[in-house]
Every structure is written in structure tokens, then in C-alpha cells.
Amino acid sequence: MSNLLTPPLKWAGGKRWLTPILQDVWSQHQSRRLVEPFAGGLAVALTLNPKTALLNDTNPHLINFYQQINQGLKVTKRLSNSSDYFYRRRQEFNDKIRRNDFLTEDAAQLFYFLNRTGYNGLCRFNNSGLFNVPFGRYKKINYRQDFDEFSGTFKHWDFKNVDFAELNIESDDFLYLDPPYDSEFTKYCKKDFTWDDQVRLVEWLADKDGPIISSNQATDRVLSLYRQHGFQIALLKAPRMISCNGDRKPAVEMFAWKNMDIQLKPCKFLLEQL
Ligand SMILES: C[S@@+](CC[C@H](N)C(=O)[O-])C[C@H]1O[C@@H](n2cnc3c(N)ncnc32)[C@H](O)[C@@H]1O
């Protein structure tokens, strides 16, 4: 536990609070490859610290940022927590998106700056695909200039930027799935993650043999979908949830698993094992 790395970005829906529970389960499976189709801010991967991992997300800026870290990303641009400066850099980032020139080191530097300086670490785009998060008004921000401490870990991990269904899963992979919540606010990226996507995800899991854990907001339809597909379920009290629009409200979280036996230990988050 001692020298775990802190995620380099702020990310909505981060699952750091869930990691003690996941770690308990993972301790029985550590030799497996960890696969996270919805890796987001990497709170889970950086805590479980697997030897090999497949980490995917449809957000191209996020995955470009991780890939650039792998290639020795340094932030050489000025990092300044001021509103004027933020909006100028946001404009520069959006110009790159317009020119389709955003899978670069330069864009990764801008993405890092916008993520740390923008409102609540949100990553939101308008209908034209342009980044539209406002200035974050933080008193103080501790920016990093290099990400060297991640390079040893990242070089054993594979980063992908595809829809989850395009991933190649091996039969002994350990899957942790944290899709956008089933709620009205699901605009993490240009395209919504709809109810059809939630169903598509569970159906995609149907023929996977390895251990699977999935978390989501415990709405009635999510619970019944996972139950119908043979998952066992516990309900957890999430400490707070930051939805994509920046709202923070307590939520009941579904923790569902398949292809393994788990007896969750009592803890402050566990409401009940169904
Ligand atoms: C709740 S967040 C994951 C948070 C992550 N567990 C963490 O701790 O930071 C959900 C992620 O799913 C990604 N996503 C949305 N639709 C996707 C899709 N079809 N395939 C893969 N990733 C997708 C979003 O970009 C977002 O980063």
C-alpha cells in the first residue's frame, strides 16, 4: 500500500473510495491481467497495481495523455491558475480538436492543464465536440511538471481508446467495469452512454469466463439487468458522487460480480449483500 501513486488527473466518478473493497477481492487474483474497459482516471488500476493491465476508455484525450506519459511527457508550457490564461489555453486546445490534431504531446500538456484548472476536473464537450468546461476557481493547484514516477508502472500496461465491445478479453482476465452511471447525466464524452449501452455491456459480458466486477448506480433497472444475467449483488453507500455536471450527491452503488465467490467484509460502505 505504501508507495501507491496518486492519479495524475481529476476524474468524475473516480472510484478511489471503492478500492479497499476491490483490493480485498483482487488479492486472490493478483497474477491475472486487470482489464478496465472504462478506466477513467485510473484510481482503481493505480491502487490494485497489477503487473499487466489493459486499460481502455473512449475519451481520446485521456488515453493520449496516458500514452504521452509513457513516452516521457514533460509539461513545458506555463501552468497558471488564472481565468484569462485558462480560457486562452482552452481555445488553443479546441483549435487542435477542430484541426483533428489532438493526439500529440502538446495536446496532452494542454489537457493536463485544463483538467487540473477547470471546474471539478470535468471533461465535457459541446455538440461540436469542443471542450466547454469553465474555469475552476481553485485557491491553489499543485501542478506536476513531469510524470516520471508513473513511467515504470505504465510501461507494463496497455492503453486503448475504443468502445468497450472492441476489446479482446482473455479467459483468465480479471475485469473491473465502471461504466458511466445509469442516470440522466451521462455526457462524459461527445456521445451519451444510453440505456441501450448499459444493456449491450451486460450482454457483452455474458460469454466471459474470468472473474468480473461491475459497479453502477443502483437503479431498479440496473439491479434487475445484472440479476437477470446471473450476477450476485451487494449494495454500497457511495460517500458522494460527482456526476458529469458537477453535482455531488450521496448515492447507493451496485457492486455486482460473477464467476467467483465473494463474501464482502463488513465496512462503512456496505449496506447489504443481496
Ligand atoms: C465512471 S467513469 C470511470 C471512472 C474510473 N473508474 C475512475 O476511477 O476514475 C466512466 C468512463 O467511461 C468512459 N466511456 C464512456 N463510454 C464508453 C464506451 N462506450 N467504451 C469505453 N469507455 C467509455 C468515459 O470516458 C469515462 O471515463
Do we have any residue at all in the range 110-117 that's under 20 Å from GLN67 (Cα atoms), away from the ligand (no atom under 16 Å from the Cβ) and not assigned by TED's automatic domain parsing to the domain that holds GLU36?
yes
Considering only the range 119-139, state which residues are more than 16 Å from the ligand (Cβ to nearest atom), assigned to a loop (DSSP other than H, G, I, E, B) and surrounded by 12 or more Cβ atoms within 10 Å (Cβ to Cβ).
LEU130, PRO134, GLY136, TYR138
Of all residues in the range 12-33, which are outside any helix (DSSP H, G or I) and in contact with a helix residue (DSSP H, G or I) (Cβ under 6 Å, 6 or more places away or on another chain)?
GLY14, LYS15
Consider ARG78 carefully, then state whether it is more than 16 Å from the ligand (Cβ to nearest atom) and part of a helix (DSSP H, G or I).
no
What are the residues in the range 107-150 that are more than 21 Å from GLY14 (Cβ to Cβ) and aliphatic (A, V, I, L, M), if any?
ALA107, LEU110, LEU130
Give the residues of the range 34-51 that are in a loop (DSSP other than H, G, I, E, B) and within 12 Å of the ligand (Cβ to nearest atom), sorted by residue number.
PRO37, PHE38, ALA39, GLY40, GLY41, LEU42
Condition (residue is over 20 Å from the mean Cα position of the chain (by Cα), part of a loop (DSSP other than H, G, I, E, B), closer than 18 Å to THR6 by Cα and hydrophobic (A, V, I, L, M, F, W, C)) applied to the range 140-158: is it met by at least one residue?
yes
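The values are calculated or read from the model by the stated rules, or taken from the named source; none is laboratory data. What you see is a predicted model; the values in this text were computed from it and never measured. Cβ atoms come from the backbone with ideal geometry, glycine included; neighbour counts cover every protein chain shown.
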